[in-house]
Structures are given as C-alpha cells and as structure tokens.
Amino acid sequence: MTNNETQASLPSWHDKISCQRVNHFVRLDTSKVRTSANSYVYALFEKGKAKIKFNKNEIDIYPGDLLIFPPHITPCISWSSDDYQAICLIVSNAFVYGCPLSRNVFQSATFSLIHDTDPIIRLNRYEKEKFRLTMTMILYHAKYHHSYTLEALYSLYGLFLADLLSAINKTKSEQYNKHYYQIFIDFNKLLRTHFREHHDISFYADHLKISSRYLALVTKQIAHTTVSTYINRLLMLEACWLLKNTDYSIQNISDILHFSDQASFSKFFKRLNGSNPLSYRREHEML
C-alpha cells in the first residue's frame, strides 16, 4: 500500500483527537495527535495520587481532579503512586475549530477562566462519573469508527465542553474579585456582539467607562491573557466556522470580520492556525 493510500484509509480525525487511559506504567502518548503542542489536554484522575510539574511548581493531584492544559503547556508527571489511573483527552485546535459547539463555548466568559496558572477543577462524585462516561465514549468512538463517527465525536466533545463550562462556573468564579469579575462579564457581553467589527481595546473600554489600561489589567487578572489575544481567539473561531459552514469567499469573510484586506486576514489566519484559509476550507470539504 502506498503512502497516499494509507493516508486515504485513515479516518479524518485520526491525528486531531485522541483519548487514552494512562497509569503508573503507561504514560500519555502525545504523538497520536499531529499538533499536540497546539492542543488542549484534559486529564481526569480516577485513582491513586500523583504530582505534576506545572509552570515551575509541583502540584498534588487526587481522584476526582480534572486538569486542563491549554495549548503549548505540556503536562509532566513527576511522581505517581502505583495505583494511579487517569483518562486523558488530547484535542487539537483543528478539531476544536471544526466542532460546531466550540464556537459558542469559546465565546463564553466562563471558558476564559481556564488558564495556564491554575489547571485544576475539583469535581464531586457525580461530576467525575459524568466526565468519565463522556471521555470513555470518545475513546470508544475514535477506536471503533463508522460512517458518522466524526459527527459523533463532535457531539461528544460538545457535551464535554458544556459540562466543563458548568463545572468551571461553579468552582472558579468564586475565586475572583467580584468587581473585576463583573467588569470581565460585561466586557464579554460586549465582545460577543462587537468582536467582528471592533478589534481594538479602546472601543470596549469606552463602552465600559473605564480606561484601556484598567480593562487590560482586569482581563489579565481574570483570564490571564491579553485583550488582543482574547479577541484574536474569537476572530479565529468565527473565521473557521465561516470557512467550514458557508460558501462565502475568502474576501467576503475578510470583510465580515473587518480586516483591512484579504492579505491581512490570510496572514492572521495562518499565524494562528498554521495553514491559510483556502487550505483550511479544502481540508474540511473532504471531511
């Protein structure tokens, strides 16, 4: 069989999403996702204890802990007990951008509370079982595929994200300064309405009647990212959705998202996604 035939026989998601069971002896295989460095990694700890190295700190992990690692943050277990068990989900940005529900979830203010300084969500017994079942179903569908497996995987990942939002909202929002958090929520409401045409921080700061510097401070405190990075993520998700779900031309999409010209939009898209808009559209036409 030639390399081309081998590629053609592989399912379209084979290097974009992977769910694996790991333990003291079997570690996570990130090579199963082509762009693992540019992927989200979720780990549900089921049994035993472990320590992870995270941003130069060592964190204790216990059963019922759900860890979320954003792109470019690689999980590293420094110690685990002999009975340690976890189920891990690796989802590439390409899969995230293709998942219909991601467009709404990633626009949520709550989802922004996932960041690279506090990766742990403590789950109760009911929540732990709910996530375990969903992740197990993702593992099963990725392994035993059929004609509608991609749709099933998108649906299951959408369910995973919806439950994740609920868990984050319950545990994370209480950790922040109430005044900062309310400003951040109001900023997100404005952003969801105006991010396509307004990419500048001053527009949102003026509407909130605060300075651009103060909005930047609030966003950094709550979401641990810059306002421009935050806006760019929403623009990228919208661009991917439009490329995948409409027949608008690249120029039209550039106009909808208020880029100065098609070249600027293409440069932006390639910088964040790794491929140009036309290549992305062609790839998803084949899925």
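The values are calculated or read from the model by the stated rules, or taken from the named source; none is laboratory data. Given the structure is predicted, the values throughout are model-derived calculations rather than measurements. Each accessible area value is taken on the protein alone, full model and side chains, heavy atoms only, with ligands, DNA and RNA left out. Shrake-Rupley method; radii C 1.70, N 1.55, O 1.52, S 1.80 Å.
Heavy atoms of the protein only, probe of 1.4 Å, neighbouring chains included. What is the accessible area of W79 in Å², nearest 10?
120
Given the pairs K32/K128; K209/K267; K56/K170; K53/K209, which are separated by over 30 angstrom at their Cα positions? Write out the running numbers ahead of the final one.
Details: K32/K128 25 Å; K209/K267 33 Å; K56/K170 27 Å; K53/K209 41 Å.
Check vs 30 Å cut-off fails for K209/K267; K53/K209.
Principal axis extents for segment 146-254, Cα atoms only, whole Å, descending order, please.
Answer, in whole Å and largest first: 51, 39, 18 Å.
Could you give log10 I(q)/I(0) at q = 0.17, 0.22, 0.24, 0.26 Å⁻¹ for segment 197-270, computed by the Debye formula over C-alpha point scatterers of equal weight, without solvent?
These q points yield log10 I(q)/I(0) values of -0.70, -0.95, -1.03, -1.12.
Might you tell me the accessible area per residue for segment 154-257, computed with a 1.4 Å probe and given in Å²? Write out the running numbers ahead of the final one.
On the way: 4900 Å² over 104 residues.
Result: 47 Å² of accessible area for each residue.
Taking the Cα centroid of segment 137-162 and of segment 192-237, what is the distance between the two, rounded to the nearest whole Å?
33
May I ask you to list the lysines whose Cα is less than 17 Å away from that of K270, ignoring any residue fewer than eight positions away on the same chain?
K270 reaches K244.
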